[in-house]
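Structure first, commentary second.
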Amino acid sequence: MTRRLFRFWRDRRGVSAVEFALIAPVLIIFYFGMAEMTQAMLAQRRLSHLAASIGDVVARDQQLTDARVADLFSVGNVLMSPFPTSTLRLCLVSIVSDANGKDVVAWSDPSNAPVDCPARNDVLDIPVSVLPAGKSVIMSKASYEYNSVFKFMIPQALTFRRTYYLKPRLSEQVTRVK
């Protein structure tokens with residue numbers, strides 16, 4: 001009996017299977033965690049690209065029409081793919097600074113009801129380095145709630161927000177035509 005126990009104790013044939021059984025759960029958790037984090041980072045980058053692109057297109061216009069705004073918001077949905085766009089919120093704002101440096105919203109266009117989109121005639125405090133007195137700037141804001149597919153490492157929604165300021169290129173101010 002003692003000899004059998006001693007042989008069993010020295011037998012190494014199943015060591016690899018036991019080691020794999022101990023390491024496999026850690027590797028699987030690591031794999032799914034990295035997949036979730038990568039997807040979240042990809043969504044964040046797409047949101048940044050989307051906000052900068054839409055703001056850049058508006059800054060290249062002299063006048064902005066309803067049809068153009070609708071097109072820009074639909075382009076935003078395309079730029080965000082393959083992520084769902086139900087939680088994508090966009091806001092385009094023209095801010096004008098008077099000679100005294102008072103920054104007032106000239107016009108504002110929200111998409112998908114963003115809560116932080118300033119209304120017309122709202123007074124904002126934009127840094128002088130971004131908006132000098134007597135000038136105007138286009139503010140492009142975007143927010144997105146990212147919901148993980150696996151909900152393993154990121155169980156709750158993450159909200160990403162981006163704001164870009166761009167100076168009009170072809171005129172002193174981009175006007176809004178209804």
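The values are calculated or read from the model by the stated rules, or taken from the named source; none is laboratory data. From a predicted model like this one, the values you see are computed outputs, not experimental measurements. For neighbour counting, all protein chains shown are included, and Cβ atoms are generated from backbone atoms with ideal geometry for every residue, glycine included.
Among the candidates Ser74, Ser16, Ser53, Ser48, the residue that is loosely packed, with under 10 Cβ neighbours inside 10 Å and either under 18 Å from the mean Cα position of the chain (by Cα) or assigned to a helix (DSSP H, G or I) (or both) is uniquely Ser16.
Conditions tested, residue by residue: (1) modelled with pLDDT of 95 or more; (2) farther than 30 Å from Met37 by Cα; (3) surrounded by fewer than 18 Cβ atoms within 10 Å (Cβ to Cβ).
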residue: Asp116; (1), (2), (3): no, no, yes
residue: Val149; (1), (2), (3): no, no, yes
residue: Phe152; (1), (2), (3): no, no, yes
residue: Leu158; (1), (2), (3): no, no, yes
residue: Arg169; (1), (2), (3): no, yes, yes
residue: Val174; (1), (2), (3): yes, yes, no
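Scanning region 103-124 for residues that are touching a residue at least 24 places away in the same chain (Cβ under 8 Å) and among the polar types (S, T, N, Q) yields Ser111, Asn112.
Selection of first residues in region 147-159 that are free of Cβ contacts under 8 Å to residues at least 40 places away in the same chain and of second residues that are part of a loop (DSSP other than H, G, I, E, B), restricted to Cβ pairs under 8 Å at least 6 apart or on distinct chains, gives the following pairs, ordered by first then second residue: Pro155/Ser148. None of Gln62, Gln39 is among the polar types (S, T, N, Q), surrounded by 12 or more Cβ atoms within 10 Å (Cβ to Cβ) and touching a Leu at 6+ places or on another chain (Cβ under 6 Å) except Gln62.
The number of residues in region 120-161 that are among the hydrophobic types (A, V, I, L, M, F, W, C) and over 22 Å from the mean Cα position of the chain (by Cα) comes to 5.
Within region 54-68, no residue that is in contact (Cβ under 8 Å) with a residue 24 or more places away in the chain sits with its Cβ atom under 8 Å from a residue that is in a helix (DSSP H, G or I) and surrounded by fewer than 13 Cβ atoms within 10 Å (Cβ to Cβ) at 6+ positions apart or across chains.
Would you call Pro82 in a loop (DSSP other than H, G, I, E, B), surrounded by fewer than 18 Cβ atoms within 10 Å (Cβ to Cβ), within 22 Å of the chain's Cα centre (by Cα) and without any contact (Cβ under 8 Å) to a residue 60 or more places away in the chain? Judged against the criteria, Pro82 is a match.
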